[in-house]
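Here is the structure we will look at, set down as structure tokens.
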Amino acid sequence: MFSCICKNGWTGTRCERDINECEVGNGQCSHQCCNLVGSYKCSCPQGWLLLSDERTCADIDECQERNGGCAHQCHNVDGGYQCTCDAGYKLHNDQRSCLPTNRCA
């Protein structure tokens, strides 16, 4: 009788079965784990960045670049951002532009 020594990511008497690393502890991924043949990879939802440890996701502060595209204030939130307007203005349907609330005729 013989026994195979399997490479990482494989199991079985002949190393024929892929191990789903995501089944245990989400593969140590902070957000999303994707099983690959013989391996796995971590990924992040939109608005998050995968750090150099290739497991941890960090929020992207969209407000740091061009004020998030907001006309007035940009407020970073986990996985995204929100625009708000100064007093006397209201947020336009595009969720970035600000329109005066009092328009003279």
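The values are calculated or read from the model by the stated rules, or taken from the named source; none is laboratory data. In this text, all values refer to a predicted model and were calculated from it rather than measured experimentally. In this analysis, Cβ positions are derived from the backbone assuming ideal geometry, glycine residues included, and neighbour counts consider all displayed protein chains. To get the accessible areas, we keep the full protein, side chains included, count just its heavy atoms, and leave off ligands, DNA and RNA. Shrake-Rupley method; radii C 1.70, N 1.55, O 1.52, S 1.80 Å.
Details
- The chain, relative contact order in percent, only Cα pairs under 8 angstrom and at least six apart counted: 13 percent
- Solvent-accessible area, 1.4 Å probe, carbon plus sulfur percent, for the chain: 49 percent
- Listed candidates (i) 41, 24, 23; (ii) 93, 22, 18; (iii) 66, 27, 20 - label of the one calculated as Cα extents along the principal axes in Å: (ii)
- Accessible surface area normalised per residue over the chain is 75 Å², counting heavy atoms of protein chains with a 1.4 Å rolling probe.
- Selected from Thr13, Thr56, Thr84 as most flexible by GNM, with the chain as the system and alpha-carbon contacts under 10 Å: Thr13
- Of the GluC sites (Glu not before Pro) in the stretch 27-95, those whose Cβ has at most 13 other Cβ within 10 Å and which sit in DSSP loop: Glu54, Glu65
- Full extension of the segment from Asn8 to Asp53, taken as 0.36 nm per residue of separation minus the current Cα-Cα distance, would add 14.4 nm.
- The stretch between Leu36 and Asp18, if pulled fully straight at 0.36 nm per residue, gains 5.6 nm over its current Cα-Cα span.
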